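The structure under discussion appears below in the form of structure tokens.
Each reported figure results from applying straightforward, stated rules to the coordinates on display, with no laboratory input. Keep in mind the model is a prediction, meaning the values are calculated, not measured. Quick reminder, even Gly has a Cβ in these numbers, built from the backbone with ideal geometry, and neighbours come from all protein chains shown.
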Amino acid sequence: MADGASAAERGFVVWIEGLPCAGKTTISRAVAERLRVDGLEVEVLDGDEVRRMFSPELGFSRKDREFHARRVSYVARMLSRHGVSVLVAMITPYETSRQAARATVGGRFDEVWLRCPVEVCRQRDVHGLYRRAATPTGGKITGRDDPFEEPLNPDLVVDTASDTVELATGKILEHLRGRGLLPPLAPA
Ligand SMILES: Nc1ncnc2c1ncn2[C@@H]1O[C@H](COP(=O)(O)OP(=O)(O)OP(=O)(O)O)[C@@H](O)[C@H]1O
Ligand SMILES: [Mg+2]
């Protein structure tokens with residue numbers, strides 16, 4: 001590697017996208033735990049929490065969502081350049097935001113789409129978002145009232161309606177190994 005650091009010593013960014021309740025928080029935390037066990041420094045930049053801290057003045061228009069994603073990708077890039085691996089768990093409904101994040105971070109970027117049918121997401125409804133959106137005064141929901149553009153260029157697609165959290169986590173880790181972002185497993 002040109003800068004003399006091994007793959008294990010340098011950070012990377014995994015951008016985990018998908019509909020509300022697709023499993024982004026659950027799976028990013030599970031992946032983070034596994035990476036920490038392996039000794040990596042890891043940060044999870046998770047949806048609403050990051051939005052509250054980075055972009056409290058922004059709404060959910062296309063322009064605002066793209067601007068917020070730009071802020072997050074810039075911070076993710078900075079962290080990863082200092083050896084911290086970053087898991088971004090964000091709906092990221094627009095392809096332009098995904099492409100901009102990839103361009104901002106550079107080569108050590110991996111885009112994972114947690115694909116899950118909206119009916120399954122609605123049944124999970126961890127935050128009552130779908131329930132509220134179904135009421136006359138309820139809010140909008142991405143994937144129904146606002147678009148969720150199908151990702152055109154994800155590095156990995158994981159189907160969280162059929163794969164368990166454990167299986168999905170394992171697939172992501174294996175994929176990161178395959179890309180050389182994680183060192184290969186030592187032989188048993
Ligand atoms: N295979 C699976 N992968 C991920 N989550 C699953 C799976 N099966 C069931 N679940 C459950 O679905 C819910 C997913 O909620 P989670 O908060 O992770 O979604 P999210 O994508 O972060 O949503 P939001 O966009 O609202 O933040 C959790 O309660 C989780 O336990
Ligand atoms: Mg979440």
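For the reader, a short list of remarks on this structure follows.
- Alpha carbon convex hull of segment 94-188, projected area averaged over orientations, nm²: 7.9
- 5 angstrom amide H check on residue 109, placed H, neighbours 5+ away: 13
- Spatially proximal lysines relative to residue 171 (Cα-Cα < 23 Å; intrachain offsets below 8 disregarded): 24
- Segment 7-178, relative contact order [Cα under 8 Å, separation at least 6], %: 33
- Taken along the Cα-to-beta-carbon direction at a fixed 7 Å, the label points for residue 150 and residue 127 span 2.6 nm.
- The string of couplings for segment 64-78 from the Karplus curve (6.51, -1.76, 1.60, θ = phi - 60°) is 5, 5, 5, 5, 4, 4, 5, 4, 5, 5, 5, 5, 4, 4, 5 Hz, one whole number per residue in order, with x for Gly and Pro.
- Footprinting exposure proxy for 82, 175, 68, 127 (fewest neighbouring C-beta atoms within 10 Å first): 82, 127, 175, 68
- Computed lengthening from residue 63 to residue 37, 0.36 nm per intervening residue step minus Cα-Cα distance: 5.5 nm
- Amide H partners (placed H, <5 Å) of residue 41, local residues excluded: 85
- This ranking places 90, 78, 53 by how few other beta-carbon atoms lie within 10 Å of each, fewest first, which gives 53, 78, 90.
- Cα convex hull volume per residue for the chain (Å³): 118
- Ranking of 94, 74, 130 by count of other Cβ atoms within 10 Å, fewest first: 74, 94, 130
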